[in-house]
């Protein structure tokens with residue numbers, strides 16, 4: 001990261017001062033003050049913003065210590081600060097209302113200009129959601145789309161993992177500063193996301209993720225993406241907030257239809273009623289991007305005799321229940337579970353609500 005000039009330090013200072021003081025930010029924006037104007041205001045005008053006395057003192061004396069410290073700590077943690085005028089700032093993010101003046105990013109910044117698809121859904125993502133992701137995303141990834149999501153449990157994690165498994169590119173958007181990556185229980189996946197793309201935040205390093213920050217995070221998920229795909233969602237969920245933000249930002253909203261008896265399909269079915277694009281295959285989705293389904297690369301898969309037995313028992317059109325497999329195979333329950341998990345990771349078996357189905361296997 002290049003050395004920052006005084007104007008950029010002013011912008012970081014403004015962000016640090018106002019990120020936890022929405023009253024001050026709203027006052028400045030309402031009165032049409034630019035970020036630089038903050039440092040030209042008199043003492044009385046600064047008091048009207050609601051800033052603290054110590055903060056006003058720093059502004060009056062043009063004390064950039066906090067901003068310089070933020071920059072130094074970013075460098076020490078391999079975090080880049082990318083300003084809106086920089087070449088690698090996500091181009092679509094500039095189009096949204098009140099876009100971040102700069103973002104914090106860790107990873108390969110060259111990927112930020114690539115075409116992105118946001119994939120969101122319930123933290124309680126079901127086997128159906130996993131099956132949908134396994135069926136649709138691999139071809140989208142091979143066609144060159146970058147998968148964006150929020151790193152949460154459930155659908156977010158499923159989407160990131162498929163991108164990583166397919167050797168694609170994935171971007172996580174954090175609901176706090178990049179020194180507080182969330183959720184902590186996903187630390188292993190988060191490291192892989194950085195290795196296969198990167199993580200974005202608009203929040204200063206020390207901001208701890210809190211519930212009210214997630215909608216702010218969601219506007220960036222939608223903002224950097226050309227379209228948002230909702231895989232599974234309840235009627236009242238963060239995924240529907242993301243979809244609404246995407247509509248406000250003039251992004252395409254897509255949804256996967258689901259069982260009308262399932263709560264996690266109520267949100268997606270509602271979006272379809274409201275005009276979202278119905279997605280039932282990768283070609284449905286890629287058509288919206290003007291892309292064609294890419295031919296999958298031939299992969300030499302080494303399968304054990306036991307894995308082949310399971311694949312032979314599982315049909316492509318008929319779901320086979322776990323009890324059926326236990327009866328048909330002379331194997332322990334634990335061994336069958338282990339073999340099934342391995343085949344799911346190889347994208348050869350999809351887990352459905354009532355059993356297992358073979359996919360992508362000749």
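The values are calculated or read from the model by the stated rules, or taken from the named source; none is laboratory data. The model shown is predicted, which means the values in this text are computed figures rather than measured ones. Quick reminder, even Gly has a Cβ in these numbers, built from the backbone with ideal geometry, and neighbours come from all protein chains shown.
Of all positions in the range 248-257, at least one carries a residue that is in contact (Cβ under 8 Å) with a residue 60 or more places away in the chain, assigned by TED's automatic domain parsing to the domain that holds residue 137, farther than 26 Å from residue 181 by Cβ and in contact with a helix residue (DSSP H, G or I) (Cβ under 7 Å, 6 or more places away or on another chain). If you check 227, 255 for being under 22 Å from residue 99 (Cβ atoms), buried (at least 20 other Cβ atoms within 10 Å of the Cβ) and modelled with pLDDT of 95 or more, only one passes: 227.
Restricting attention to the range 143-154, does a residue exist that is surrounded by fewer than 22 Cβ atoms within 10 Å (Cβ to Cβ) and more than 13 Å from the chain's Cα centre (by Cα)? Yes, the conditions are met somewhere in the range 143-154. Determine, yes or no, whether residue 163 is in a helix (DSSP H, G or I), at negative phi and within 19 Å of the chain's Cα centre (by Cα). Considered against the rule, which asks whether it is in a helix (DSSP H, G or I), at negative phi and within 19 Å of the chain's Cα centre (by Cα), residue 163 comes out as yes.
Scanning the range 121-159 for residues that are part of a helix (DSSP H, G or I) and closer than 25 Å to residue 290 by Cβ yields 132, 133, 134, 135, 136, 137, 138, 139, 140, 141, 142, 159. Within the range 89-135, the set of residues being out of contact with any strand residue (DSSP E or B) (no Cβ under 8 Å at 6 or more places or on another chain) and either buried (at least 24 other Cβ atoms within 10 Å of the Cβ) or free of Cβ contacts under 8 Å to residues at least 60 places away in the same chain (or both) comprises 91, 94, 110, 113, 122, 123, 129, 132.
Which numbered condition in (1) outside any helix (DSSP H, G or I); (2) surrounded by fewer than 15 Cβ atoms within 10 Å (Cβ to Cβ); (3) over 17 Å from the mean Cα position of the chain (by Cα) is the only one that residue 50 fails? Evaluating residue 50 over (1) outside any helix (DSSP H, G or I); (2) surrounded by fewer than 15 Cβ atoms within 10 Å (Cβ to Cβ); (3) over 17 Å from the mean Cα position of the chain (by Cα) leaves (2) as the failure.
Checking each residue of the range 86-99 against the condition of being over 30 Å from residue 277 (Cβ atoms), outside any loop (DSSP other than H, G, I, E, B) and not assigned by TED's automatic domain parsing to the domain that holds residue 197 gives no match. Within the range 350-361, is there a residue that is in the same structural domain as residue 309 (by TED's automatic domain parsing), surrounded by 17 or more Cβ atoms within 10 Å (Cβ to Cβ) and closer than 13 Å to residue 306 by Cβ? Among the residues of the range 350-361, not one is in the same structural domain as residue 309 (by TED's automatic domain parsing), surrounded by 17 or more Cβ atoms within 10 Å (Cβ to Cβ) and closer than 13 Å to residue 306 by Cβ, which makes the answer no.
What do you reckon, is residue 210 under 15 Å from residue 120 (Cα atoms) and at pLDDT below 95?
Numbers: under 15 Å from residue 120 (Cα atoms): no; at pLDDT below 95: yes.
Criteria not met by residue 210.
Is it true that residue 268 is crowded, with 22+ Cβ neighbours inside 10 Å, touching a helix residue (DSSP H, G or I) at 6+ places or on another chain (Cβ under 6 Å), in a helix (DSSP H, G or I) and in contact (Cβ under 8 Å) with a residue 12 or more places away in the chain? So residue 268 fails the test.
Do the conditions hold for residue 351, that is, is it at pLDDT below 85 and more than 28 Å from residue 123 (Cα to Cα)? So residue 351 does not fit the description; no.
Filter the range 178-195 for residues that are assigned to a helix (DSSP H, G or I) and more than 15 Å from residue 161 (Cβ to Cβ) and give the result.
From the range 178-195, those assigned to a helix (DSSP H, G or I) are 184-195; that's our starting set.
Hit for the range 178-195 is 184, nothing else.
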